[in-house]
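What follows is a set of notes on a single structure, which appears directly below.
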Amino acid sequence: MKKNRLIISFFTLLFLVSCKENSKKNEVAINNSTDIVSTIINDSDSFYHIDMANYPSADKSLPIGVFDSGTGGLTVLKAIVNYDQNTNESHEKGSDGQLDFDKESFIYLGDQANMPYGNYSKENKVDLLKEHIIKDAQFLMGNKYYSDVNDNSVNIDKKPVKALVIACNTATAYGKEYIEDFLKKANSNLKVIGVIDAGVRGTLASIKKDEDAIIGVLATAGTVASKGYSNTILKMKDELDYTGSIEVFSQGGVGIAEAVDEDPNYFNKNLKKPRKDYKGPSLNGDVQIDKTLFDVYNFDFEDSKMLCDTEKSDDCSILQINDAKNYVRYHLVTLMEQIRLSKTKNKLKSIILGCTHYPYMTDEIDAILKELYSYKDKNGKYLYRDFMVENVQLIDPAVDTAKELHEYLKQEKLFNPNGNIKDSEFYISVANKDNPNNKIDSDGRFPYDYKYGRNVNEIQEYVKVVPFSRDNISYDILTRFQKQIPYVYQLMQNFNQHSEKTTHLETKQKI
């Protein structure tokens, strides 16, 4: 009996010890779970840690950081590097024929692996989006990058930056204040410039103080959902004493940016028929193509730019957009229908291109607006002419962002007297195949459900950030860069050649 009691006591003790150990393990796991901001500031063992106490933000020789969810932010960089509104010697207003930022270098990051940012709010993952945005800032402020997707060891010779430009509307709407809060916690005075405030200032400058007008906002679904533009327009309108009736109509351009960046969930030039993983507007679902507006949309069905499940487009039961211009057609018609059905007395005067990818489509947007201005219904009546001016002004916030950056560098005396813009660097994120937790498809990308199914505060290297190259940017996109942003494209080539030389990547193709 005594022996049995001893045995029972022994196993009871083992059980209690085991429970205690498990409790400790659980406690450690909970205590170790943290957010990205705390990790960067406090966890010296983390890949993402930055020694903020010794951050050299006042160093004039440092580059300027620019980031976007993909390559759209290069249109903002284009406006910055081509900016000439001031004299270079005194930095006072007045063009002198010399580019204002010619002695500044830039580090650009496109978080292509995690884009489109505009979908995170729809999937109730705004906290995860904010984590990505902080990681973007961390990359620009840090010193780490990989030579290519197969590189297992990280390079630590990247320079930090002396200012941050958020060249992404969605990231500005959801992340600018979050980045500023992070910097405040880190006791940093690093400047953060976002595109939304700059774009609104430029838009209001095109309207008379007593003028009645409609301002259209064409942006990602996430930016529209944030109400970043509409709230800022109405706020600044009052602050600047505008007395006219100004209305704001917003349209979330689902699929435009994604098609520009060739996201396969929205665009695949090799397809001939509809696919299951399509996420754009369709005959059914949250974002619907209205069959009664087929004549107005005027979709281009050539070369599989629209994907239908029947030979005759009128008989489609499944219809998918597969072309950037067709996405623009859908969303501009939808915007004009919003305005028409509101029965407003005002007219659309300007449209803010509230996504940095959209300036790539400026010619297409302008042409389609002119089509809609001249469109007549079956009774021969102009359908939209009473609701829009003949020449709707397209507002690109990028130029005003360049202006704000110049004013900041002048005010803080941070212009680099001896730098060279040809030292600029270009990076892009790719799915990290060395992370065993990652799910990656055959194209080397995150599947949609995994991309938006991840959870915040599971701090890990989802991506590797690598230099731009033909391995991670398609020929079609590079051709567009060469035509539409030639100076930025030239800077890319300078960096690509330099990165190959310094990292001995003989097998990597040049841009």
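Points worth noting:
- Failed criterion for ASP443 (all others in (1) surrounded by 13 or more Cβ atoms within 10 Å (Cβ to Cβ); (2) at pLDDT below 95 hold): (1)
- Only one of the numbered conditions (1) among the aromatic types (Phe, Trp, Tyr); (2) at pLDDT 95 or above; (3) buried (at least 17 other Cβ atoms within 10 Å of the Cβ); (4) closer than 21 Å to LYS159 by Cα is violated by PHE415, and that is (3).
- Within the range 465-494, restricting attention to residues that are more than 21 Å from GLU364 (Cβ to Cβ) and polar (S, T, N, Q), the residue that is farthest from the chain's Cα centre (by Cα) is ASN494.
- Output for the range 201-216, where each listed residue is open to solvent by 20 Å² or more (accessible area, probe 1.4 Å) and either of a type in the set (A, V, I, L, M, F, W, C) or touching a Phe, Trp or Tyr at 6+ places or on another chain (Cβ under 9 Å) (or both): ALA205, LYS208, LYS209, ASP210, GLU211
- Note on the range 343-379: residues that are open to solvent by less than 50 Å² (accessible area, probe 1.4 Å), of a type in the set (Ser, Thr, Tyr) and in contact (Cβ under 8 Å) with a residue 40 or more places away in the chain total 5.
- Evaluation of TYR83 against (1) open to solvent by 40 Å² or more (accessible area, probe 1.4 Å); (2) out of contact with any strand residue (DSSP E or B) (no Cβ under 6 Å at 6 or more places or on another chain) (one fails), failing number: (1)
- Entirely in the range 1-103, the helices (runs of 4 or more DSSP H) that have 1 or more residues that are modelled with pLDDT of 95 or more and under 27 Å from the mean Cα position of the chain (by Cα): 36-42, 74-81
- Residues that are assigned to a loop (DSSP other than H, G, I, E, B) and surrounded by 14 or more Cβ atoms within 10 Å (Cβ to Cβ), drawn from the range 418-434: GLY419, SER424, ASN432
- Residues that are crowded, with 21+ Cβ neighbours inside 10 Å and hydroxyl-bearing (Ser, Thr, Tyr) within the range 148-177 comprise THR170, THR172, TYR174, listed in sequence order.
- Tabulated pairs, the range 298-317, first in contact (Cβ under 8 Å) with a residue 12 or more places away in the chain, second small (Gly, Ala, Ser) and in a loop (DSSP other than H, G, I, E, B), C-beta under 9 angstrom, 6+ apart or interchain: CYS308/SER317; ASP309/SER317
- Contacts under 9 angstrom Cβ, first residue in the range 331-342 being in contact (Cβ under 8 Å) with a residue 60 or more places away in the chain and more than 16 Å from ASP386 (Cβ to Cβ), partner acidic (Asp, Glu) and outside any helix (DSSP H, G or I), 6 or more apart: THR334/ASP290
- Unmet requirement for ASP127, which otherwise passes all of (1) crowded, with 24+ Cβ neighbours inside 10 Å; (2) assigned to a helix (DSSP H, G or I); (3) not aliphatic (A, V, I, L, M): (1)
- For the range 317-343, filtering for residues that are farther than 20 Å from ILE365 by Cα, outside any strand (DSSP E or B) and touching a Ser or Thr at 6+ places or on another chain (Cβ under 9 Å) leaves 2.
The values are calculated or read from the model by the stated rules, or taken from the named source; none is laboratory data. As the structure is a computational prediction, the values presented were derived from the model and not from experiment. Virtual Cβ from ideal backbone geometry, glycine too; neighbours counted across all protein chains shown. SASA here: full protein model, heavy atoms, side chains in, ligands and nucleic acids out. Shrake-Rupley method; radii C 1.70, N 1.55, O 1.52, S 1.80 Å.
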